[in-house]
Amino acid sequence: MTNAVKNRVVLPERKVTPLVVNGDMNLAQRSASVTGLGDGDEGYVTVDRFRHTAAASAGRFTSKQTAVADLDGFQNCLELDCTTADTSIAATELLQIGRHFYSCNRITTNRL
């Protein structure tokens, strides 16, 4: 457990809609686990609204929705496992996880 996790503000159990759509990573409609992701693979492969992009890499990874017990207020997380390491990384290689935020998906609150 890192200091950032130890020192975070602990919120009570959530009884309202989250501020970010699928921020708690409970929805994984496409698949709960996808293996062999790597060069040229992109899209929303597991957890909804979290986009993977992998380019120019010989490495491979597994993306999955995983249950967690040590983060208050969260039941799931997005887990990435390296299954094949790329030992000669070039400047053009990348692995990116993206999440777009749109104004229509926000909730206005005075508590923040």
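The values are calculated or read from the model by the stated rules, or taken from the named source; none is laboratory data. Note that the coordinates shown come from a computational prediction; the quantities given were computed from them, not determined experimentally. Cβ atoms come from the backbone with ideal geometry, glycine included; neighbour counts cover every protein chain shown.
Considering only residues that are within 15 Å of Q96 (Cα to Cα) and surrounded by 12 or more Cβ atoms within 10 Å (Cβ to Cβ), which ones fall in the stretch 76-85? Before the answer, list the steps.
Initially, the stretch 76-85 is screened for residues within 15 Å of Q96 (Cα to Cα), giving 78-82.
Of everything in the stretch 76-85, those that are within 15 Å of Q96 (Cα to Cα) and surrounded by 12 or more Cβ atoms within 10 Å (Cβ to Cβ) turn out to be L78, E79, L80, D81.
Can you tell me which residues in the stretch 25-49 are within 16 Å of Q75 (Cβ to Cβ) and either buried (at least 16 other Cβ atoms within 10 Å of the Cβ) or aliphatic (A, V, I, L, M) (or both)?
Hits for the stretch 25-49 are M25, L27, A28, A32, T46, V47.
When only residues in the stretch 57-75 that are loosely packed, with under 14 Cβ neighbours inside 10 Å, free of Cβ contacts under 8 Å to residues at least 60 places away in the same chain and among the small types (G, A, S) count, which is farthest from T87 (Cα to Cα)?
A69
Can you name the residue in the stretch 12-66 that is of a type in the set (V, I, T), outside any strand (DSSP E or B) and at pLDDT 75 or above and is also farthest from the chain's Cα centre (by Cα) among such residues? Talk me through it step by step, then tell me what you get.
Narrowing the stretch 12-66 to residues of a type in the set (V, I, T): 16-17, 20-21, 34-35, 45-47, 53, 62, 66.
If we keep only those that are outside any strand (DSSP E or B) too, we end up with 16-17, 20-21, 45-47.
Those still in the list that are at pLDDT 75 or above too: 45-47.
Numbers: V45: 11, T46: 9, V47: 7 Å.
Looking at the filtered set, the residue picked out is V45.
Could you list, in sequence order, all residues of the stretch 74-100 that are under 16 Å from the mean Cα position of the chain (by Cα) and either farther than 23 Å from T35 by Cβ or in a loop (DSSP other than H, G, I, E, B) (or both)?
Within the stretch 74-100, F74, Q75, R99, H100 meet the criteria.
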